[in-house]
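A short write-up of the structure that comes next.
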Amino acid sequence: MTLSLSQAVCFHCKMPIDGEGLSVVVAGETRQVCCHGCLSAVRQIDRLHLADYYQYRDRFDKGDTEAKRDASRDASRVDRTEEILSSVASVRGGLRLSVRVPDIRCAACTWLIESSLRQREDVRRCVTNLADKRVTMEFSGTDPMELVAFIEGLGFSVLPDRVSEAQRVLDAERKSMLARLGVAGIGMMQVMMYAIATYVAGPGGIEPAYASLMHWASLAIATPIVVYSAGPFHKGAWRDLRHLTLGMDVPVSLAVLAAFGLSLVHTVRGSGDVYFDSVTMFTFLLLIGRFIETGSRRRFQSSRMLSDSLMPASALLVSGVRISATNIVAGDVLKVGPGESIPADGVITEGTTWVSEAAFTGESKPLSRGPGSRVLAGSDNLEGAITVRATVSYSDFVISMISKLYEESTSYKPRFALIADVAARYFVAFILLAASVSAVGWYMAGSPEWFSIGLAVLVVSCPCALSLATPVAYTVAVSTMRNNGLVIGNGTFLERLARVRRIIFDKTGTLTTGKPRIEHIVPLDEISTDEALDIAAALEAESHHPIARAFERATPVVAHGVRVFPGKGVAGRVGDRTYRLGKSDFASHIDIGPPRQDGTWILLSAAGKPLAWFGLADEMRPEAMDVVQSLKASFDVVMFTGDADIEARRLAGLLAIDDVSASMSPEDKVRGVRAAQARGDNVLMIGDGINDAAALAAASASISVSPADIVVQEAADATLLNADLHRIPLAIGFARRVRRVIRENIAWAVLYNIVVIPLAMAGLVAPWMAALGMSASSVLVVLNANRLHRIS
Amino acid sequence: MEVIFVLIPISLVIVGGAVWAFVWSVRNDQFEDLEKQAYTILFDESDDKGGNST
């Protein structure tokens, strides 16, 4: 067909269509799709009269490709089937199944899944959860796997819903918190209704019988609130007291119980003030603060769990034996079929495919991968069957590391957070003292308000904001970074990154792609450049050497009997002539020098006679120029390289980096870093190779750029997984923002308490205002930290 | 004003009902996903099973 068609994208999955594609009629219009899988998905969607999905999707979906897969060929299906079936639970009048659908990207997907499932007679109820990417169905009279196949028929992939224990606990906690919050909210409104009548009437304005009735009614409502809704506070306070410490729950619980107890006594006695309205409102407002906090933790947990669920449970060795993914060790050679998840970090040994690493980098565009390419466990193999050799063992997979880091970063506390924790304890003691002093003081001064003033002091102080200030910001920041392709390996990294003054780049593989490209062709004989390229391409077609990539092109020539001479070159027959391609002393009998000194030169020869020189150069990363320019505005940018001087200066000239050190050994690089540090500069080192590992470890902060080796990854504080240098200035800016947010939070917490406690002691703050102030203060701190969910 | 002796107990019953309804809905996962609901208003409703929905 026409040329433009070859660039067309699939109507369903939005992947580029190779070749002709297939056509399908949807809602009266002809559309192009790329494969039979998509074709049947479109047909099914159309048959169910749900073609609106495409229109909704275009409105809501911000990504550009949906991962395409053909789950019917999934070899790990047996495993998965078992796991899914074991998660089927029986509910009243049927069964209930919950599965994870990682492809859910926007509200349009949830709409499609829900609407399709609801059209089925056997599905009674179906709820999709956009945040957790989970579908829960209640059904009867159907094989659960049929429903799974049905969802897959819509073009989504289905994973068993592996819910970690931590997640289950958090989910349950959130649910019970919500129930407590609701009970407190509804009860609070009603108690307030009774209380307002008393306020409006004024003292003695209401007949004692009615007043007493309303007190009893308030008591009836306040009791479950104090016992049930405020339960977590009492529990926390009791735990603190038993361990002889003072936590945030102590003043809260004390205030609730004291106010409720006094009101109870006054109600029974039929005289004196009651504080049921304060108690209920206070509990309600505090619970709002707690609820938001739990929500933020839950979001973090679920993003972490999502990465866990990406890992396939088992892997297939080339020998045909299936092993558990946790037992994979370096050197295992594994088969990965199209549509499966890659079970190990390693290198492709056979086959080419498209891979989606969206889970690591947030980048949904599929990446082309062939022999020699590095792949990550947990990424999706979208198209071809491949063989992968694991380069590291299970516990060293990037994905396992990420899980580990999550654990660490949640428990990690920056220096000032530790201080704040200790401070908070003393602070609580101070508050208890201040509250009793105020209550006693005002009582002796003859004020009838003494009790509410004491209450207000207890309630208004907000040690929670003080100890929440940093941990919340950190947890949010770490997960945001991960979603943007930067995995942080060390908690203090963000703190140190924010202080960086000088940035050192490694050249090869960091500023350049590390993949050579043909820069010059110098024919030496009667041969055209095209001819020379064709022959070279044919010779290198089978080679896995990095240099071979430079020659990748469609060639009409076929080489026979190709032999690879490691470290030298390749030899083979084209037509009736024998060609050699490689180092000049390998290709030619006569020793001839390359036409120029800079760059890498390799020679093509026929029967020992030189034919053409190929000058290879390592290509600069397309974004390197932009990134270096923008960094130069505020940092000293330096380039370190082990390569020859001329080559280094050429690239440095292009990038306008003035400070270049060439021909450096790994020790030189470390020395260079130390020298800069000795001058008082905080140095950020960015590198990718084994030769940078020591320098990465020596630097004040370091980032490794898609390293091929675990040693490099461990030496660096953080790993950039998608090799997009743009993320570096972004990360530095982000680290500074994190620092600013933490400072803001601490400043707010300190300022709030300094202002508000004296006011409360002076009797200017009613207990309900105090509760509102305290909750607002914690919520503010959490919300401020939540701003870090976006990187820019 | 004696009616208040009837009204207040009634209000207690109503509050009890509201609390029960809320707790029931929490237990039945009505508040599971607070993100999606914001978009649902933008979707057209078509309840007829297998009917035409444009």
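For the stretch A:555-704, the Kirkwood radius over C-alpha pairs fed into Stokes-Einstein at 25 °C and 0.890 mPa s yields D = 134 µm² per second. Spatial offset of the stretch A:591-656 relative to the stretch A:186-238 amounts to 79 Å, using the alpha carbon center of each. Per-residue packing, averaged as other Cβ atoms within 10 Å, sorts the ranges A:554-562, A:428-436, A:386-394 into the order A:386-394, A:428-436, A:554-562, beginning with the highest. Amide H contacts of A:Thr600 (H built 1.01 Å from N, in plane; Pro and chain starts excluded): A:Leu616 sit under 5 Å, all sequence-distant by 5 or more or on other chains. Counting Lys and Arg as +1 and Asp and Glu as -1, what is the net charge of the other residues whose Cβ lies under 11 Å from the Cβ of A:Pro556? Surrounding charge for A:Pro556 is -2. For the stretch A:473-543, trypsin sites (Lys or Arg not before Pro) meeting the loop criterion (DSSP other than H, G, I, E, B) and having at most 16 other Cβ atoms within 10 Å: A:Arg499, A:Arg501. Let me make sure I get this right: for the stretch A:310-350, a, b and c are the square roots of the gyration tensor eigenvalues over alpha carbons, sorted descending. Under 1.5 in a/c it's rounded, otherwise prolate if a/b > b/c, else oblate. Which is it? Since a/c stays below 1.5, the shape of the stretch A:310-350 is classed as rounded.
In this structure, the residue pairs whose Cα-Cα separation is over 30 Å, taken from A:Lys133/A:Lys507; A:Lys507/A:Lys568; A:Lys632/A:Lys669, are A:Lys133/A:Lys507. Packing, as the average of other Cβ atoms within 10 Å across residues, places the peptides A:96-102, A:529-535, A:253-259, A:451-457 in the order A:451-457, A:253-259, A:96-102, A:529-535, highest first.
Taking amide H as placed 1.01 Å from N in the peptide plane, the amide H of A:Leu367 sits under 5 Å from that of A:Val355, A:Ser356, A:Glu357, each at least 5 places away or on another chain.
Computed 3J(HN,Hα) for the stretch B:16-21, one whole-Hz value per residue from the Karplus formula 6.51 cos²θ - 1.76 cosθ + 1.60 where θ = phi - 60°, is x, x, 5, 5, 4, 4, glycine and proline marked x. For A:Ile521, the amide hydrogen comes within under 5 Å of the amide hydrogens of A:Gly615, counting only partners 5 or more places away or on other chains and with H modelled in the peptide plane. Taking θ as phi - 60° and the Karplus parameters 6.51, -1.76 and 1.60, the scalar couplings of the stretch A:650-662 work out to 4, 5, 4, x, 4, 8, 6, 8, 7, 9, 10, 10, 10 Hz in sequence order, x denoting glycine and proline. For the pair the stretch A:267-295 / the stretch A:731-787, the C-alpha centres are spaced 21 Å from each other. Using R0 = 22 Å, the C-beta based FRET efficiency linking B:Leu12 and A:Ala209 works out to 0.80.
The numbers here are math on the coordinates, done by the rules we state, and not lab data. What you are looking at is a predicted structure, and each value in this text was computed from that prediction instead of being measured. Backbone-built Cβ (ideal geometry, glycine too); neighbour counts: all protein chains shown.
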